[in-house]
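Structure first, commentary second.
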Amino acid sequence: MRISEVMTESVVTADCSATLREVGELMRDRNVGSVVICESGYPAGLITDRDLALDVAADGVSIDEPVRDFATRPLVTCESEMDIEEAAATMVQHRVRRLPVVNGEELVGIVTLDDLAVRSGDLQLAQQMTAEVAKAALPEFFFHQRGG
C-alpha cells in the first residue's frame, strides 16, 4: 500500500514569518495538531500543538515570536509513492509521528502514525508500527522493568 492511498491531502501550512500566536490560532481554527512551516513556498519545518505547549506555555516564550525559531528542522518527509512500511520505518528512525508528503519539492499531503496504523487494515502491522514509534520517541526509562 502506498502513502498516497492513506495520506490526508489538505495540509495546514504557515509561512516561517508567522507568529506562534498565529500558528496556534490556525491549529485551533482548522482543528489540527500540526502545521507545516514553509519558507519561500517550500515545506521547511513542522510545529505541533505539543511544541507550542512546551515552548510557549512551559518556557514562557512570547506568542509574538516568529514560528521559524521553534519549528522542527530539518523537515523529515516522504514521497507519495513510498510504501507504508517504509514510511513507518522512517518515522521510527527519525522519532516522528507525522510525515509531510511531497512529490519533488511540492507538498501534496501529510500522513500520521495513526493514518498508517488505522488505514493499513492490518492490525498486527498497526500495533507494531505504533509500538516502534512510541518506543523510539520516548526515553528508554519508560520501558525498563518496574516494581519488585
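The values are calculated or read from the model by the stated rules, or taken from the named source; none is laboratory data. Keep in mind it's a predicted model, so treat the numbers as computed, not measured. With ligands, DNA and RNA removed, areas are computed over all heavy atoms of the protein, side chains included. Shrake-Rupley method; radii C 1.70, N 1.55, O 1.52, S 1.80 Å.
Converting phi to 3J(HN,Hα) with the Karplus coefficients 6.51, -1.76 and 1.60 and the offset θ = phi - 60°, region 25-35 yields 5, 4, 4, 5, 5, 9, 6, 10, x, 8, 9 Hz in sequence order, with x at every glycine or proline. Per-residue accessible area (protein heavy atoms, 1.4 Å probe) orders Arg30, Arg21, Arg98 as Arg30, Arg21, Arg98, starting from the largest. The slack in the chain from Arg30 to Asp15, taken as 0.36 nm per residue of separation less the alpha-carbon distance, amounts to 3.8 nm. Full extension of the chain segment joining Gln128 with Glu86 gains 13.8 nm, where the gain is 0.36 nm per residue of separation less the Cα-Cα distance. Average accessible surface for region 1-119: 53 Å² per residue, computed with a 1.4 Å probe over protein heavy atoms with every protein chain in place.
Ser40 exposes around 100 Å² of accessible area when a 1.4 Å probe is run over every protein chain in place. Heavy-atom accessible area for Leu107, with the other protein chains in place and a 1.4 Å probe, reaches approximately 40 Å².
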